[in-house]
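Single-structure report; data block below.
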Amino acid sequence: TYTTGSGSKALDFRYTIQTDDPLDTNGISIGANALSLNSGTIKDLAGNDATITHSYADHNIDYRVK
């Protein structure tokens, strides 16, 4: 969920872990093109749409949910 950052260089998104989420044993990963705007927009100061495509970010054991 988007929380803050409009008009700045950084946007903040938060996710609240649910009791039925699977246990994280190998670190956080981010699937390719995982960002969904759900009818929202991200634009630069000139009004151009942001490129939101990205490659897969592999599991990183340094970032685990406990």
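The values are calculated or read from the model by the stated rules, or taken from the named source; none is laboratory data. Keep in mind the model is a prediction, meaning the values are calculated, not measured. All Cβ positions, even for glycine, are placed from backbone atoms using ideal geometry, and neighbour counts span all protein chains on display.
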Output the number of residues of the range 13-28 satisfying the condition of being modelled with pLDDT of 90 or more and under 12 Å from the mean Cα position of the chain (by Cα). 0
Anything in the range 1-12 that is loosely packed, with under 10 Cβ neighbours inside 10 Å and either modelled with pLDDT of 90 or more or small (G, A, S) (or both)? List them, or say none. T3, S6, G7, S8, A10
Output the qualifying pairs, or none if there are none: Cβ atoms under 9 angstrom, residues six or more apart or on different chains, first residue in the range 45-66 and modelled with pLDDT under 90, second residue surrounded by fewer than 10 Cβ atoms within 10 Å (Cβ to Cβ) and hydrophobic (A, V, I, L, M, F, W, C). V65/I17; V65/L23
